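These notes concern the structure reproduced below.
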Amino acid sequence: MLAQEENELLTRVGPGTRAGKLLRRYWQPVALVEELPKGGSPLNVEILGERLVLFRDDRDRLGLLDLHCSHRGADLSYGRLEDGGLRCIYHGWLYDVCGKVLDMPGEADGGEKIRDSIQHLAYPCQEAGGVIFAYLGPEPKPLLPRYEFLSVPQEQRSVTKVFQNCNYLQGNEGNIDPVHISFLHRIMDRNRPQDEIKRRDIAPTIDIELTNFGLRIYAARKAGPQEQLVRITNFVMPNLAAFNGAMEGQGYSVNWHVPIDDTHHWKYSFIFSRRQALSEGLRGKNRFETTPDYKPLRHKENRYLQDRSSMDVIYTGIGRNFMDHDICATEGLGPIQDRTKEHLISSDKAIVASRKLILKSITDIEEGRDPAHVVRDPNANRFTNLIVASEVISASLDRREFAKSKEAEIRQSSEAR
Ligand code: FES
Ligand SMILES: [Fe+2]
């Protein structure tokens, strides 16, 4: 349970808010590359409560500017892409990707004498792993972490995004809640080797370890007299999680929960394989069908198309795709979950620890320190300790020793690349 003011502190993300300042210390996904290909139309985007325009200029440089023109506020997403920048269609002011006014045609001299006094709000962007990232915080900007899911060859990874009708924090807290997979995602006729174990042992032993990127979370279920099923999931500061999904050991899934505003967010959902090209079924929207503007087909207004007659087989009655189950569960908590009314139990310890880490990181910034997982050293920009696993191992094997052996495998594969 949280006090009301702590809940407000963790969930309000607009400019000037304390969690908003924390989230702005990290590169954040702002669009999929497929939304803004070379020569594509400018995009009207909203992130962390800010209305912005994302575009590529005629030299393919990325720009992210305040949506409203510095002259009289027109919407720049309708602007013309020409002359080395984005030109407002109202009176023709021209901006470059850095927010510099290059031309002010309403003035006789093109505004030569006054245009340098105007700095239009602009944020740096970069592309990686099929995503356009932006940095909305103070200089100096940190490095974009070289995560495996952004670095493997294109055919070995896939990313899509899905609109979520709720605050970002409850979305990410769902990823680090190891017990819910025994209930929310239970499908009685699904019989992959580990499914039965997850159905049978519904109260895993949970252990957490602090790392340089956030938290490593172990959940161990009894798999047999001499065996345990160990799942390792990770909370990655400040708004993402890495967990075992469809890749079953060759790679993993990542959900990155990017606030649009306080009560809506985008879930950027990545999947990658270290070894081979992904099958068609695992790529982009094939993995999770959405509307063309990335809204889920099952949503609150159609009650997630719950079919109660299917509940003998599908625990939720909400189809077989886990993403739909998660959307129903996390949106059901309300636009911003009221954490003053929750009753956390021992199995929620990763959620408690993640909130503490976020709160500590907010204090770090306020006391002049970098928060956890802000990366500045290029030599330390590798995360072979970001381990994801779901394996049946000997009941006597120490789980942390098991994690070390997985790290050695990741290191080998990253050196081979
Ligand atoms: S409002 Fe954009 S140029 Fe006037
Ligand atoms: Fe889930």
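Structure notes:
- Qualifying residue in segment 180-191 (condition: in contact (Cβ under 8 Å) with a residue 12 or more places away in the chain and away from ligand 2 (no atom under 16 Å from the Cβ)): yes
Okay, residues lined up against (1) crowded, with 18+ Cβ neighbours inside 10 Å; (2) part of a strand (DSSP E or B); (3) within 15 Å of ligand 2 (Cβ to nearest atom):
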position: Glu196; (1), (2), (3): no, no, no
position: Asp207; (1), (2), (3): no, yes, no
position: Asn212; (1), (2), (3): no, no, no
position: Ala223; (1), (2), (3): yes, yes, no
position: Leu229; (1), (2), (3): yes, yes, no
position: Asn234; (1), (2), (3): yes, yes, yes
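- If you go through segment 84-105 and pick out every residue that is assigned to a loop (DSSP other than H, G, I, E, B) and either within 11 Å of ligand 1 (Cβ to nearest atom) or over 29 Å from the mean Cα position of the chain (by Cα) (or both), you end up with 9.
- Subset tally (residues that are surrounded by fewer than 19 Cβ atoms within 10 Å (Cβ to Cβ) and in contact with a helix residue (DSSP H, G or I) (Cβ under 8 Å, 6 or more places away or on another chain)) for segment 22-40: 1
- Odd one out for Leu81 among (1) outside any loop (DSSP other than H, G, I, E, B); (2) surrounded by 18 or more Cβ atoms within 10 Å (Cβ to Cβ): (2)
- Residues satisfying the stated conditions in segment 149-194, i.e. under 30 Å from Gly49 (Cα atoms) and assigned to a helix (DSSP H, G or I): Phe149, Leu150, Ser151, Tyr168, Leu169, Gln170, Gly171, Asn172, Glu173, Gly174, Asn175
- Selection within segment 66-78: residues that are within 18 Å of Glu46 (Cβ to Cβ), free of Cβ contacts under 8 Å to residues at least 24 places away in the same chain and assigned to a loop (DSSP other than H, G, I, E, B). The member of this set that is nearest to ligand 2 (Cβ to nearest atom) is Leu67.
- Residue under evaluation Arg275, criteria (1) part of a loop (DSSP other than H, G, I, E, B); (2) without any contact (Cβ under 8 Å) to a residue 60 or more places away in the chain, criterion not met: (2)
- Scanning segment 236-249 for residues that are part of a loop (DSSP other than H, G, I, E, B) and either at pLDDT 95 or above or over 19 Å from the mean Cα position of the chain (by Cα) (or both) yields a count of 5.
- Answer from Thr330, Thr340, Thr316 - the residue that is among the β-branched types (Val, Ile, Thr), part of a loop (DSSP other than H, G, I, E, B), in contact (Cβ under 8 Å) with a residue 24 or more places away in the chain and within 16 Å of ligand 2 (Cβ to nearest atom): Thr316
- When we screen Ser309, Ser279 for residues that are surrounded by fewer than 15 Cβ atoms within 10 Å (Cβ to Cβ), at pLDDT 95 or above and small (Gly, Ala, Ser), the only hit is Ser309.
The values are calculated or read from the model by the stated rules, or taken from the named source; none is laboratory data. Keep in mind it's a predicted model, so treat the numbers as computed, not measured. Every residue, glycine among them, receives a Cβ derived from its backbone with ideal geometry; neighbour counts consider all protein chains shown.
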